[in-house]
Amino acid sequence: MMGSSDTFSRMLAKAGLCAMMAGALAGCGGKKEGLRSDVAASRVTTIGVNSYLWRASLDALSFMPLLQTDSNGGVIVTDWYTNPRNPGERVKVTVTILDQDLRADALRVATSRQVAQGGTWVEAPVQAATVQKLEDIILTKARDLRRGAIGG
């Protein structure tokens, strides 16, 4: 009887160990799939706004000095930037991310431009194509980041 009890205990232990391993493996597989879909989702909300748009905006403006960044409100404001090749002109950019979804209408870019005249900076118009190009750069980068997160 003692021998059969030891055998039974060993069988229970093996079955328990197998069940725990199967549960752990199933849990790992489920988490991995869940993580991929969470990371790649078009709506990423851990910072208050879409993280792909946020990261793409920071990347696109990385050459400019930043004055203010608010990841919860989705606002990035640069300080004035003067291109060394054109010292008589400077620009300032404000990017606002309006939604948690990765959509073109969730992004607003506003640009100010000044030119030097008589030793002072004077407001000058910004070409609409310039703003559109910056929006396109940010959206393309955000889509690339999302595509990279889903592995293809």
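Derivation of every value follows stated rules applied to the coordinates shown; laboratory data play no part. This one's a predicted model, so the numbers in the text were calculated from it and none came from an experiment. Virtual Cβ from ideal backbone geometry, glycine too; neighbours counted across all protein chains shown.
Exposure proxy shown here: for Leu98, Leu139, the number of other Cβ atoms within 10 Å sets the order, fewest to most, as Leu98, Leu139. Between amide H atoms placed 1.01 Å from N, distances below 5 Å from Leu67 occur with Val77, Thr78, Asp79, all of them 5 or more places distant or on a separate chain.
Seen from Leu98, the other residues with C-beta closer than 12 Å to its C-beta sum to a net charge of -1, counting Lys and Arg as +1 and Asp and Glu as -1.
Its Cα centre serving as origin, segment 51-149 has a Cβ charge dipole (Lys and Arg +1, Asp and Glu -1) of approximately 240 debye.
For Ile97, Ile47, the sequence from fewest to most other C-beta atoms within 10 Å is Ile47, Ile97. From least to most packed, judged by other beta carbons within 10 angstrom and beginning with the fewest, Leu66, Leu61, Leu145, Leu53 follow the order Leu66, Leu145, Leu61, Leu53.
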